[in-house]
Amino acid sequence: MKTMPKETQMLNGVNVTQMNETIAAVKETPAVAKFKFSAKNKWLDGAYNRSTINEFSGALETFHRERPFILENDEAPVLLGEDRAPNPVENLLHALAGCITTTMVYHSAARGLAIDELETSFEGDVDLHGFLGLRDDVRPGFQQIRVNVRIKGDLTDEQIRDIAKLAERFSPVFDTLTKGTN
């Protein structure tokens, strides 16, 4: 008896069929859900440094990318750098933006909600008094991060609000930033 291939359902560029298979696999074998990510960094000069991202483990396997990702950090001249790359807090905003966007897209697809357009913008406030150790009452990191989300699609206002709330509930980077970690 020949079995018919399962039709792949795609929504928002996400393979919903594979997503459902992944969810089923995690329910059946909880250890499949455990992932470990890593980065190696090398200081180059002044504020300039470079991270290499290659190996990660998850789904009971270790993965090596065909080509490692290279990410760079520097500072603007006003912060004593040469502006060769975004600074680390800008890269943090990039990570938050990517994670919030991916979270909203994946969870919307899982709920059958089609998104036509999704844009986010981020602003964060840092006071150098904290970084420079000039005031103990000022933290060295962001004092506040503001996020703006714009979603377009054949969606009700309530669905748009629900999609935006998905990021707060499920984004790993948002969770890490708002709840902290060791």
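Taking first residues from the range 23-34 that are among the β-branched types (Val, Ile, Thr) and partners that are in a loop (DSSP other than H, G, I, E, B), the Cβ contacts under 8 Å between residues at least 6 apart in sequence or on separate chains come to THR29/LEU60; VAL32/ALA59; VAL32/LEU60. Looking across the range 27-55, the residues that are closer than 27 Å to SER108 by Cβ, more than 19 Å from the chain's Cα centre (by Cα) and open to solvent by 50 Å² or more (accessible area, probe 1.4 Å) come down to LYS27, GLU28, THR29, PRO30.
ALA167 fails exactly one of the following numbered conditions: (1) open to solvent by less than 60 Å² (accessible area, probe 1.4 Å); (2) in a strand (DSSP E or B). What is the number of that condition? (2) is the only condition that ALA167 fails. Restricting attention to the range 92-129, which residues are touching a strand residue (DSSP E or B) at 6+ places or on another chain (Cβ under 7 Å) and either in a helix (DSSP H, G or I) or β-branched (Val, Ile, Thr) (or both)? Once the filter is applied, which keeps residues that are touching a strand residue (DSSP E or B) at 6+ places or on another chain (Cβ under 7 Å) and either in a helix (DSSP H, G or I) or β-branched (Val, Ile, Thr) (or both), the range 92-129 yields LEU93, LEU96, ALA97, ILE100, THR101, MET104, VAL105, TYR106, ALA109, ILE115, THR120. Residues that are farther than 30 Å from GLN9 by Cβ, of a type in the set (Val, Ile, Thr) and open to solvent by 80 Å² or more (accessible area, probe 1.4 Å) do occur in the range 74-92. Scanning the range 46-91 for residues that are more than 26 Å from HIS129 (Cβ to Cβ) and acidic (Asp, Glu) gives GLU55, GLU61, GLU66, GLU72.
The values are calculated or read from the model by the stated rules, or taken from the named source; none is laboratory data. This one's a predicted model, so the numbers in the text were calculated from it and none came from an experiment. Note that we place each Cβ from the backbone using ideal geometry, even for glycine, and neighbour counts take in every protein chain shown. For accessibility, only protein heavy atoms count, side chains too; no ligands or nucleic acids. Shrake-Rupley method; radii C 1.70, N 1.55, O 1.52, S 1.80 Å.
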